[in-house]
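Structure first, then comments.
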Amino acid sequence: MAAASRAIAERIPLVDFILEIPLSSECQLLTNHLPCSRRIIVMNKMDLANRSHLKIGSHPNIYVLDTPSILPTQILDAEVCSRLALTGAISDSLIGEKELAQYFLAILNLSDEYKKWAKLSALENERSFIDHKEECSSGRQPCMKGERQHFTDHTQDFIVHNVRRKLFETISCFNGDMQNEVDLEKLIELQFTTLTEAFHLPIELGDNARSKVATKLLNLYRIGRLGHYTLDPLAF
């Protein structure tokens, strides 16, 4: 702490000015090392307590929310709540992991993100044909390609690629109407079943496999392994 304070004190004279929002107590480092003429106190605690002062600029609009109340105390819009939960901003338990995974799959199915994974399906088909041809010509037993791979780690590339491929194939082969809620639910149900295999989950898990699929799928989405999505509609 002392070393950090010294480093800050050494650098303060180099700055032109500071915009300060004193939330609880005055910063002694600024008081001791920076003249008042080079400090601009833009808000104080009372300002932040007044809801009319949340907007501090226009064109573009600039708002300041007090911490820890970054989010409103109530979110009445179920769609907004689902989007926040999907990103991990609020607890999964408020919606449910399986429901959130279904929500993500609905977003994926209605987007064009899956089309980027088309080459994975084509590559897998080509690889399977070559492997089968070599096995038939040599008479050897097929090698265990996953001998040194950890099937329990769903973030490994070979599992991520398999998940992407399965998702691409289920969406591409789907003959229903994506805009029809019943048809979309059928596709999502099929994807849960397919992903159980893609994540190498044992059959013995039964109904618990859906929970495992949901947990792994949400994690891959949140770490960016299943594409990038704009959850809020953009206004132009």
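Here, each number is a calculation from the coordinates, and none is a lab measurement. Keep in mind that this is a model prediction, so the values were computed, not measured. Note that we place each Cβ from the backbone using ideal geometry, even for glycine, and neighbour counts take in every protein chain shown.
Ranked highest first by the average count of other Cβ atoms within 10 Å around their residues, in what order do 203-209, 159-165, 188-194 fall?
Details: 203-209: 10.3, 159-165: 20.3, 188-194: 16.9.
The most tightly packed comes first, giving 159-165, 188-194, 203-209.
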The stretch 201-223 residues near the modelled Asp153 label - backbone nitrogen below 18 Å, point 7 Å along Cα→Cβ:
201, 216-217, 219-221, 223
Local electrostatic count at Arg225 - Lys and Arg +1, Asp and Glu -1, tallied over other residues with Cβ under 15 Å:
+3
Gain in length, Leu110 to Leu190, computed as 0.36 nm per residue apart minus the alpha-carbon separation, to one decimal in nm?
27.2 nm
